[in-house]
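Have a look at the structure below, then the notes.
The values are calculated or read from the model by the stated rules, or taken from the named source; none is laboratory data. None of the values given here were measured: they were computed from a predicted structure. Using ideal geometry, Cβ is built from the backbone for each residue, glycine included, and neighbour counts are taken over all protein chains shown.
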Amino acid sequence: MTFLFRRIENWRRNRILKRETISDAIWLKILKQLKSLQGLTKEETTRLRQFVILFLHDKTIFGAHDLEITEEMSVTIAVQACILILELDVAHYDGWEEIIVYPGKFILDYDYADEFGVVHHAHKIASGEAWLAGPVILSWQDAAGVDAKYGDNVVIHEFAHKLDMRHQGANGFPILHANMSTQVWHDIFSKAYAGFCARVNRGQKTTIDPYASKSPAEFFAVFSEVFFEAPLVVKHDFPKIYEQLVLFYRQNPAERLGRVSA
Ligand SMILES: [Zn+2]
């Protein structure tokens, strides 16, 4: 980003932050409720709130099937999207605008071409979906965390796909920072993915949702969910992946948990 562009962008953001706000009651309620937000410092919480305001300014959230989107719903979705980029920037979600929210799980019915150009038909029940340069689709029931299994978070999952997609589509290989090594990332993730798939194929139990074995993209998205929701599981069972995710997200959620229990 050039110096001039950054100045204009900062000016734009300050103007939005002066005009737009989130009601205190809703903010505090959500902050208390969501597991992935526990242990944030005051400074982090302030920045998160600013990111949520900017995010909600830039994105449009639609309710499908006559679902009415309240402020509480918008903020619940936005805050979970923004926890991923708390140490990155809201600009990581540039290039697309819409979030579509269904009351519950929804049916996806579409044709798509695979890497060999072969067209397939998909028909599945989903709780979330992220389209390349297109919308994020969510089930409100799942986004609100109702009945979520330990470590699951559909909003974090879909927005991790969005971060991944910034680099050659969804392939589990997002744009890494200058202090990271693409070779190290590739080696650690490929090895862990192969080991994980082997376990799933043998029918062995896994501490992380076996859905992660579906593809490297799903592996990254599912591990991102657990990294924020149940960080000790990743840290304990996949320490090298944990290290890479700490470098990528520039956050250490396991350390934050320590702050909560201290
Ligand atoms: Zn996914």
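Against the test of being closer than 18 Å to GLU129 by Cβ, of a type in the set (Phe, Trp, Tyr) and out of contact with any strand residue (DSSP E or B) (no Cβ under 8 Å at 6 or more places or on another chain), the options PHE196, PHE228, PHE220 yield a single qualifying residue, PHE220.
When each of SER181, SER224, SER261 is tested for being within 16 Å of the ligand (Cβ to nearest atom) and hydroxyl-bearing (Ser, Thr, Tyr), the lone residue that passes is SER224.
Within the stretch 164-175, restricting attention to residues that are in contact with a helix residue (DSSP H, G or I) (Cβ under 6 Å, 6 or more places away or on another chain) and not small (Gly, Ala, Ser), which residue is farthest from PHE248 (Cα to Cα)? Taking the candidates together, the pick is ASN171. Can you find even one residue in the stretch 229-244 that is within 16 Å of the ligand (Cβ to nearest atom), under 23 Å from ILE175 (Cβ atoms), under 16 Å from the mean Cα position of the chain (by Cα) and surrounded by 15 or more Cβ atoms within 10 Å (Cβ to Cβ)? No: the stretch 229-244 contains no residue that is within 16 Å of the ligand (Cβ to nearest atom), under 23 Å from ILE175 (Cβ atoms), under 16 Å from the mean Cα position of the chain (by Cα) and surrounded by 15 or more Cβ atoms within 10 Å (Cβ to Cβ).
So that you can scan it fast, the table gives a plain yes or no per residue for (1) more than 23 Å from ASP164 (Cβ to Cβ); (2) buried (at least 17 other Cβ atoms within 10 Å of the Cβ):
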{"position": "LEU37", "(1), (2)": "no, yes"}
{"position": "THR60", "(1), (2)": "no, no"}
{"position": "GLY63", "(1), (2)": "yes, no"}
{"position": "GLU68", "(1), (2)": "yes, no"}
{"position": "GLU72", "(1), (2)": "yes, no"}
{"position": "ASP89", "(1), (2)": "no, no"}
{"position": "ALA113", "(1), (2)": "no, no"}
{"position": "HIS120", "(1), (2)": "no, no"}
{"position": "LEU132", "(1), (2)": "no, no"}
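Every condition in (1) surrounded by fewer than 16 Cβ atoms within 10 Å (Cβ to Cβ); (2) touching a His at 6+ places or on another chain (Cβ under 8 Å); (3) not polar (S, T, N, Q) holds for ILE85 except the one numbered (1).
For CYS197, the conditions (1) surrounded by 15 or more Cβ atoms within 10 Å (Cβ to Cβ); (2) within 15 Å of the ligand (Cβ to nearest atom) all hold with the exception of (2). Taking the stretch 66-173 and the helices (runs of 4 or more DSSP H) fully enclosed by it, the elements with 2 or more residues that are of a type in the set (Val, Ile, Thr), away from the ligand (no atom under 15 Å from the Cβ) and under 29 Å from ARG47 (Cα atoms) are at 71-83.
Would it be correct to say that PHE219 is more than 12 Å from the chain's Cα centre (by Cα), crowded, with 20+ Cβ neighbours inside 10 Å, within 12 Å of the ligand (Cβ to nearest atom) and modelled with pLDDT of 95 or more? Considered against the rule, which asks whether it is more than 12 Å from the chain's Cα centre (by Cα), crowded, with 20+ Cβ neighbours inside 10 Å, within 12 Å of the ligand (Cβ to nearest atom) and modelled with pLDDT of 95 or more, PHE219 comes out as yes. In the set (1) at pLDDT 95 or above; (2) touching a helix residue (DSSP H, G or I) at 6+ places or on another chain (Cβ under 7 Å), SER190 fails one condition alone, (2).
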